[in-house]
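The values are calculated or read from the model by the stated rules, or taken from the named source; none is laboratory data. Just so it is clear, the structure is predicted and the values come from calculations on it, not from any experiment. Note that we place each Cβ from the backbone using ideal geometry, even for glycine, and neighbour counts take in every protein chain shown.
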Amino acid sequence: MDGLKNSIFLIIIMIAVSSCGLFKPVSNSSNVSGENVTKKSEDSRFLNNISTEGKTGSSSTSIEAPTKDIPVSSNSLFPSGIEQGEQMQFKYAIRMNVEVESINNLALYQYIESWWATPYRMGGSTHNGIDCSAFVQMLMSTVYGVDIPRTAREQKQMTASISSKELKEGDLVFFNTRGGISHVGVYLRNNKFVHAATSGGVMISDLDDPYWSHRYRGAGRVTHDQTITSTH
């Protein structure tokens, strides 16, 4: 009798165990995977719903697109307007190793920029080629509104001589490169001057450079009320 009871008890236990989910194939795992896939799918839809075009009336999940690039000038590669002036100041401050705030005559530096690296050509006066005295003559007329003679020798004769310690922006500096006064440039600041050089065209050089310091022949100042036109 006890044996029968034990047999019945074992059968009951086996039936109970066979109905337990712990021993079933893990069918819920597919549901878990399904939940993960669904969640990822929802995440993807959420990302796809984000607008990067900055349209009006978009949902709270919309992200505005970045503003368009500032228009850039084709010849100077600088942004237009006020930013162009700031970039010009920064550029030439670096070239001359001066404070940005000291570059305040933008008309002068815009003129230099427009002629930068124009090749040297004896007797030339265009962007295809220009010589030193023509460059200085045109700069003085365009930036300072004064007319000066065409040649470096004549320009030296009509200016008031000044010492190197008196040099200010807009003064002329003269050199002997092939006999007499044969080269001229416009002083800027920090010992730098702009000129049309035979070696590199329109450029900025340093008066302390051995080549130029050896050939330096003085400086001259043109007053704004002078209007002297060459007869040549």
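Scanning the range 93-135 for residues that are acidic (Asp, Glu) and not in a helix (DSSP H, G or I) yields GLU99, ASP131.
Taking the stated definitions as given, is ASP208 surrounded by 13 or more Cβ atoms within 10 Å (Cβ to Cβ) and acidic (Asp, Glu)? No.
In the range 181-198, of all residues being over 27 Å from the mean Cα position of the chain (by Cα) and of a type in the set (Val, Ile, Thr), the one that is surrounded by the most Cβ atoms within 10 Å (Cβ to Cβ) corresponds to VAL184.
Going through the range 114-141 one residue at a time, which ones are in contact with a Leu (Cβ under 9 Å, 6 or more places away or on another chain) and free of Cβ contacts under 8 Å to residues at least 40 places away in the same chain? Result: no residue meets the conditions. Residues in the range 142-157 that are in contact with a helix residue (DSSP H, G or I) (Cβ under 7 Å, 6 or more places away or on another chain), in contact (Cβ under 8 Å) with a residue 40 or more places away in the chain and in a helix (DSSP H, G or I): GLN155 alone. Kindly indicate whether GLY123 is loosely packed, with under 13 Cβ neighbours inside 10 Å, over 17 Å from LYS192 (Cα atoms) and either at pLDDT below 95 or of a type in the set (Asp, Glu) (or both). When the stated conditions are applied, GLY123 does not pass them. Filtering the range 81-99 to residues that are free of Cβ contacts under 8 Å to residues at least 60 places away in the same chain, under 17 Å from GLU169 (Cα atoms) and of a type in the set (D, E, K, R) leaves only GLU99. Among the residues of the range 160-180, how many are crowded, with 16+ Cβ neighbours inside 10 Å and closer than 12 Å to ARG217 by Cβ? Result for the range 160-180: 5.
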